[in-house]
Amino acid sequence: MVKNNKTFEYDLLFGELREQRISEILQNKKIEVKTERGLWQETGNIAIEIAYRGQPSGLATTEADYWLHILERDGQEYCSLLLPVEVLKNRLRELYTYPANGVRVVMGGDNQQSKLVLVPIAALFGVN
């Protein structure tokens with residue numbers, strides 16, 4: 001643990017530690033990658049698949065350690081959300097318990113065969 005003393009050296013050390021952590025994740029962990037195109041800009045939501053054709057899929061069955069959700073804007077990568085899978089699952093359970101957060105389950109995808117959790121991005125991070 002690094003003591004916070006608000007100096008350049010502290011910031012540099014903190015940055016280097018985070019770079020090492022990201023390198024470790026990218027090299028040694030399984031990552032499930034999903035891309036969100038277009039609608040997130042209009043709705044503020046991301047869609048996370050939990051079932052397909054009545055069978056668990058997506059987040060419900062992933063064996064990945066991390067979930068990488070890429071947000072595209074005008075066909076280009078705009079930003080990426082990288083969450084440990086267990087953190088994401090726990091957060092969705094919390095949010096679904098209190099529907100006032102705007103989280104809802106809908107059918108979508110090809111021929112409406114995917115069960116999706118629509119999650120307001122702000123709610124995902126606890127922002128009201």
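The values are calculated or read from the model by the stated rules, or taken from the named source; none is laboratory data. For clarity, every value in this text was computed on a predicted model and none was experimentally measured. Cβ: placed from backbone, ideal geometry, glycine included. Neighbour counts: every protein chain shown.
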Exercise. Could you please let me know if residue 127 is modelled with pLDDT of 90 or more, of a type in the set (A, V, I, L, M) and either out of contact with any helix residue (DSSP H, G or I) (no Cβ under 6 Å at 6 or more places or on another chain) or surrounded by 14 or more Cβ atoms within 10 Å (Cβ to Cβ) (or both)?
Key: no
Exercise. Look through segment 71-94, keep the residues that are at pLDDT 95 or above and closer than 21 Å to residue 107 by Cα, and return whichever of them is nearest to the chain's Cα centre (by Cα).
Key: 88
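Each row is one residue, and each column tells you yes or no for (1) at pLDDT 95 or above; (2) of a type outside the set (S, T, N, Q); (3) surrounded by fewer than 13 Cβ atoms within 10 Å (Cβ to Cβ); (4) touching a Pro at 6+ places or on another chain (Cβ under 9 Å).
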{"residue": "7", "(1), (2), (3), (4)": "no, no, yes, no"}
{"residue": "18", "(1), (2), (3), (4)": "no, yes, yes, no"}
{"residue": "24", "(1), (2), (3), (4)": "no, yes, yes, no"}
{"residue": "31", "(1), (2), (3), (4)": "yes, yes, no, no"}
{"residue": "43", "(1), (2), (3), (4)": "no, no, no, yes"}
{"residue": "50", "(1), (2), (3), (4)": "yes, yes, no, yes"}
Quiz prompt | segment 45-60 residues that are within 25 Å of residue 126 (Cα to Cα), paired with ones that are surrounded by 15 or more Cβ atoms within 10 Å (Cβ to Cβ) and acidic (Asp, Glu) (beta carbon under 6 Å, 6 or more apart) | solution = 46/36; 58/49
Quiz item: Residues in segment 23-39 that are over 18 Å from residue 78 (Cα atoms) and not in a strand (DSSP E or B): how many?
Solution: 8
Practice problem: Give 52, 10 a once-over and let me know the one that is of a type in the set (Ser, Thr, Tyr) and within 30 Å of residue 108 (Cα to Cα). | Solution: 52
